[in-house]
Amino acid sequence: MSATAAGRDIPGIYHKAGSLRSERRWAMWTAYVSLIIAAIIFLAPPFYMLVTSFKTNAEIADYSLNPWLIRSPTFEHYAAILSNPIFIRFFINSCIVTACVVVLTMVISVLAAFALARMRFWGSQVLATGVFLTYLVPDTLLFIPLYQIVGGLGLLNSVWGLVLVYPTLTVPFCTWIMIGYFASIPKELDEAALIDGANWMQMLLKIFVPVAMPGIIAATIFAFTVSWAAFVYPTAFVTTAEQMPLTIGVVSQLVRGDTFAWGQIMAGALMAALPPVIIYAFLMDYYIAGLTAGATKG
Amino acid sequence: MAQVSLRKIVKAYEGDVQAVKGINLEIDDHEFVVLVGPSGCGKSTTLRMIAGLEEITDGEIAIGGAVVNDIPPRDRDIAMVFQNYALYPHMSVYDNMAFGLTLRKFPKAEIDKRVKEAARILDITPLLERKPKALSGGQRQRVAMGRAIVRDPKVFLFDEPLSNLDAKLRVQMRTEIKKVHQTVRTTTVYVTHDQVEAMTLADRVVVMNQGIIEQVGPPQELYHHPATKFVAGFIGSPAMNFMPARLEEASGALNVTLANGTSLPVPDSRSARYRPHVGKALLFGIRPEHLTDEKTMDKDNLAPLSLTPEVIEPMGMETLAHFRQDGAEITARLDPATPAEVGVPLRLLAHMDQMHLIDPTNDKVL
Ligand SMILES: Nc1ncnc2c1ncn2[C@@H]1O[C@H](COP(=O)(O)OP(=O)(O)O)[C@@H](O)[C@H]1O
Ligand SMILES: [Mg+2]
């Protein structure tokens, strides 16, 4: 009885669902095709690096071969780099600079964002906009005046000079992310905390920081990526090998005049790119949640 | 537990907006006072000044006898429940309630005792480990109240705590709040725009309008003896009817004569009060429940008048009839058995014992 009744109803439903589904399928196709194209464009260079890093120097130099294939794979470039103490030095330098910059950036931008988002004081609006505008000044323009400052402080050719200047790249954007995140926290939450007996510091540490954790992680990843991958500032400020971070170290040590040690450059660059990849993989969910925080009310 | 005193409180926001214009209010220990009024009348501002969340432009606020104007919220020993609950989203229900006590460095055992006791009162013991995200609106409301109760403060402050709930839950939580107050007896200031909430909860209702207090009194007094036209119209639902009228004297007795010529006799008990106003154009006010059909039980001081319904609304237990007379909207509450029809004149009785006369020049009830 109910089966026949259901049988009569189904065709109508099917028809409707069918048209919806075809629309959806079309959207899926478009999405997949564009994503695949984008993935190819973005993944081709690292893939080429990977392929090259496993080739012997002779194979790299032989233009008659298909450059996308490996005929006799070798680990010699990786071995060469990992056994060279100067590359270990570069890696340690990168770690020191990045760790210091990330901590410095997060402390400064969380405190600044909290003040700009919550403590209404004269000029706080202008200041908040100003912070973001400084982010729009490119580092290729800033490095000349910064060179004078770093030089004046006697910090040229030192990782500490880099620790000093990288925050000019990271702090504005991270502050801006955090202002947006803090601003989305309802005002009543601070008022409840104030009444509960919290002072400003407790409110920041016990309410704002935990509630804004996705934003903080997003900002941390940004600061990490920027300082790990910085190229212009270390190129300008560091010339002695012992103080170089990985990014410029690899290039400076493996290019001798016109001779490019392509295999080692590729292997070194790939290994240098590994830490950000690992961090992204672990924190991706938080990163996306952080970037889309303003979009939906949490 | 404490009294709260507001003395000539003024709040001016920048741009010369006077949100609160010099109000005086004495709230007794254990009292449940409700500030009620239309949106934007300054209720929240007043409450937030008591809480210390808003600076006081002028005047003085005292809690438990001590002036608190310059004391920050955390040292005023008050607790507040917000309309959107303002629960800490990253903390469990237990931690939400314990937060204030932890900051005040209460011993762990004492915190635990208080949280569990509050949870028992509010019936949320099974929810203690949950995050606010996993609670319904009514449950969040209870947690917000629990956070206030555990602190055992001098004063509870509520700002429209039920406005985010659906109608049924609102009625339920209203009863709950009243029960909690009867248990803990903490002095309470409660803000709402809903006059039914105000009437049902309050020991005393404070009716506010445009930054001033119109009247303060127990619910019944506001209902029966409104001081101003605003209070008369605001308290009670459906709202009181107002009709333009003239007070006249004929052979020693007073009459209210409506614009259409209907003359309604004023009860003798009111004569002395109204006599000085004879001859004036006034507003005649009568509540819908005092404008009924002839099936009424009341026998004294009934005055007949005839009106033609424009809309009839059967409610089940009663029927509301809406009329238009001399530009005034009038509502009457009829017995559901009364055969009322749109367009057919209906004989009504005005209970003149319950009448009000309003001086339109100053909107005061005579
Ligand atoms: N921060 C503010 N700045 C300026 N004006 C405000 C502010 N807060 C409230 N007001 C104004 O003060 C008046 C009273 O507001 P409020 O106390 O919130 O009213 P309500 O009775 O609805 O709670 C309103 O006219 C409102 O626009
Ligand atoms: Mg309000």
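The values are calculated or read from the model by the stated rules, or taken from the named source; none is laboratory data. All values reported here derive from a predicted model rather than from experimental measurement. Every residue, glycine as well, gets a Cβ built from its backbone with ideal geometry; the counts of neighbours run over all protein chains shown. Side chains included, ligands, DNA and RNA excluded: accessible areas come from the protein's heavy atoms. Shrake-Rupley method; radii C 1.70, N 1.55, O 1.52, S 1.80 Å.
Points to keep in mind about this one:
- For segment A:129-151, the criterion of being touching a helix residue (DSSP H, G or I) at 6+ places or on another chain (Cβ under 7 Å), among the small types (Gly, Ala, Ser) and without any contact (Cβ under 8 Å) to a residue 24 or more places away in the chain is met by no residue.
- Residue within segment A:270-280 that is exposed (fewer than 14 other Cβ atoms within 10 Å of the Cβ), closer than 29 Å to A:Trp160 by Cβ, at pLDDT below 85 and away from chain B (no Cβ under 14 Å) present: yes
- Counted residues, segment B:1-35 - those being near ligand 1 (Cβ under 9 Å from one of its atoms) and within 18 Å of the chain's Cα centre (by Cα): 2
- Residue selected from segment B:152-164 under the condition over 17 Å from B:Glu197 (Cα atoms) and open to solvent by 20 Å² or more (accessible area, probe 1.4 Å), by the criterion farthest from ligand 2 (Cβ to nearest atom): B:Asp152
- Some residue of segment B:275-290 being in the same structural domain as B:Ser251 (by TED's automatic domain parsing), assigned to a helix (DSSP H, G or I), more than 22 Å from B:Glu221 (Cβ to Cβ) and open to solvent by 50 Å² or more (accessible area, probe 1.4 Å): yes
- Scoring B:Ala86 on the criteria (1) more than 14 Å from chain A (Cβ to nearest Cβ); (2) among the hydrophobic types (A, V, I, L, M, F, W, C); (3) open to solvent by less than 10 Å² (accessible area, probe 1.4 Å) leaves a single failure, condition (1).
- With respect to (1) within 14 Å of ligand 2 (Cβ to nearest atom); (2) within 30 Å of B:Leu127 (Cα to Cα); (3) of a type in the set (S, T, N, Q), the lone exception for B:Ser92 is condition (1).
- Residues (surrounded by fewer than 17 Cβ atoms within 10 Å (Cβ to Cβ) and at the interface with another protein chain (Cβ under 10 Å from one of its Cβ atoms)) located in segment A:210-232: A:Pro210, A:Met213
- Subset tally (residues that are outside any strand (DSSP E or B), within 14 Å of another protein chain (Cβ to nearest Cβ) and either within 16 Å of ligand 2 (Cβ to nearest atom) or touching a residue at least 40 places away in the same chain (Cβ under 8 Å) (or both)) for segment B:2-45: 2
- Residue within segment B:61-71 that is touching a Phe, Trp or Tyr at 6+ places or on another chain (Cβ under 9 Å) and away from ligand 1 (no atom under 12 Å from the Cβ) present: no
- Members of segment B:48-62 found to be part of a strand (DSSP E or B) and not aliphatic (A, V, I, L, M), listed by number: B:Asp58, B:Gly59, B:Glu60
- Residues in segment A:165-209 that are within 10 Å of chain B (Cβ to nearest Cβ) and open to solvent by 40 Å² or more (accessible area, probe 1.4 Å): A:Pro186, A:Lys187, A:Glu188, A:Leu194, A:Asn199, A:Gln202, A:Lys206.
- Complete set of residues in segment B:46-55 that are surrounded by fewer than 20 Cβ atoms within 10 Å (Cβ to Cβ) and in contact with a strand residue (DSSP E or B) (Cβ under 7 Å, 6 or more places away or on another chain): B:Glu54
- Residue in segment B:322-329 that is in contact (Cβ under 8 Å) with a residue 24 or more places away in the chain and open to solvent by less than 20 Å² (accessible area, probe 1.4 Å) present: yes
- Among residues of segment A:55-78 that are among the β-branched types (Val, Ile, Thr), those with a Cβ under 8 angstrom from a residue that is open to solvent by 50 Å² or more (accessible area, probe 1.4 Å), sequence gap 6+ or separate chain, pair up as A:Thr56/A:Ser72; A:Thr56/A:Glu76; A:Ile60/A:Trp262.
- Exactly one residue among B:Ala303, B:Ala239 is part of a strand (DSSP E or B) and small (Gly, Ala, Ser), and that residue is B:Ala303.
- Selection of segment B:46-58 for residues being within 14 Å of another protein chain (Cβ to nearest Cβ) and within 14 Å of ligand 1 (Cβ to nearest atom) yields B:Leu47, B:Arg48, B:Met49, B:Ile50, B:Ala51, B:Leu53, B:Glu54, B:Glu55.
One line per residue, one yes/no per condition, for (1) surrounded by 19 or more Cβ atoms within 10 Å (Cβ to Cβ); (2) within 16 Å of ligand 2 (Cβ to nearest atom); (3) within 14 Å of chain A (Cβ to nearest Cβ):
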site: B:Asp166; (1), (2), (3): no, no, no
site: B:Val171; (1), (2), (3): no, no, no
site: B:Val184; (1), (2), (3): no, no, no
site: B:Thr187; (1), (2), (3): yes, no, no
site: B:Thr192; (1), (2), (3): yes, yes, no
site: B:Thr200; (1), (2), (3): no, no, no
site: B:Met208; (1), (2), (3): yes, yes, no
